[in-house]
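Asks: Dropping a structure here in structure tokens format, bear with me for questions.
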Amino acid sequence: MSVIVIEFITLDGIVSDPDGSAGTPLGGWAFRYGPEAVAGDKFRLGTTLDEGVLLLGRATWQLFSRIWPGRDDPFSARMNAVPKLVASRTLRADDTSAWANSRLLEGDLADAVERERRDVVVTGSPSVVDRLMAADLVDEYRLLTFPTVLGTGRRLFPVDGRHAELECLAAERVGAAVLTRHRRAAR
């Protein structure tokens, strides 16, 4: 089992509001490059979505639950079919019926992830990522880096975050962005 974090990110490490849905002044930065810049399996997840589980925070899940169920292309079919765990303290179990195969994560986030037997893919959800990084549970980062510098916003790796040694697995140009894959260095 691996925990894989996937994020749209700017050159200066900002992950907040890539689609503009949060209404921040600089939001929508990833989508300024056109729909093809973000559509499909840009993170090269392949069969991981078929065999793994998607872990989302409440806000990301609520956004995705309004977008993905209405799409019918092959990647959307995978997103709709994958089991989804929702980390939330405010949603109720019946709230998750808006998106097929969704259920609330029970108990402590880190404990639930450690018990999971399938690969766990975390998309967006910075508060979930923060908690997994603090518990040293992230095995791989797949970052789609856009040629944008915002100067302000939520960073994936905060200034006061914990130290991590990573190994670069791959870097490839994907449209306007660069997909990099980094895994935890051997301990």
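Asks: With a 10 Å radius around each residue's Cβ, average the other Cβ atoms per peptide and rank 176-184, 89-97, 38-46, highest first.
Replies: Result, highest mean first: 176-184, 38-46, 89-97.
Asks: Return the Rg/Rh value of the range 108-187, two decimal places, where both radii are evaluated on C-alpha atoms and Rh is the Kirkwood radius.
Replies: With Rh from the inverse mean 1/r over Cα pairs, Rg/Rh is 0.97.
Asks: Beyond 23 Å, how much of the Cα-Cα pair distribution for the chain remains, as a whole percent?
Replies: More than 23 Å apart: 40 percent of the Cα pairs in the chain.
Asks: Specify the residue with the greatest mean-square fluctuation among LEU169, LEU49, LEU109, computed from a Gaussian network of the chain linking alpha-carbon atoms under 10 Å apart.
Replies: So, out of LEU169, LEU49, LEU109, the one fluctuating most is LEU169.
Asks: Output the antiparallel fraction of DSSP beta bridges having both residues in the chain, as a percent to the nearest 5.
Replies: The antiparallel fraction comes to roughly 40 percent.
Asks: For the chain, what is the mean residue ellipticity at 222 nm derived from helices alone (per DSSP H run of n ≥ 4: -39500 (n - 2.57); sum divided by total residues; nearest 500 deg cm²/dmol)?
Replies: One gets -5500 deg cm²/dmol as the mean residue ellipticity at 222 nm.
Asks: Still on this structure: Scanning the chain for GluC sites (Glu not before Pro) in DSSP loops with at most 11 other Cβ atoms within 10 Å, what's the longest stretch left with none?
Replies: No qualifying site falls inside 1-105, the longest such stretch.
Asks: Packing-wise, with mean Cβ within 10 Å as the measure, how do 119-126, 8-15 rank, highest first?
Replies: Highest to lowest by the protection proxy: 119-126, 8-15.
Asks: Still on this model: May I ask you to give the solvent-accessible area per residue for the chain, in square angstrom, as obtained with a 1.4 angstrom probe?
Replies: Counting only protein heavy atoms, the per-residue value for the chain is 52 Å².
Asks: Still on this structure, please answer the following. Give the carbon-plus-sulfur fraction of the accessible surface of the range 1-43 in %, rounded to a whole number; probe 1.4 Å, heavy atoms of protein chains only.
Replies: Percent of accessible area from carbon and sulfur atoms in the range 1-43: 60.
The values are calculated or read from the model by the stated rules, or taken from the named source; none is laboratory data. Just so you know, these numbers come straight off a predicted model, no measurement behind them. No Cβ is skipped: glycine too gets one built from the backbone with ideal geometry, and neighbour counts run over all protein chains shown. Calculation scope for accessible area: heavy atoms of the full protein, side chains included, ligands and nucleic acids excluded. Shrake-Rupley method; radii C 1.70, N 1.55, O 1.52, S 1.80 Å.
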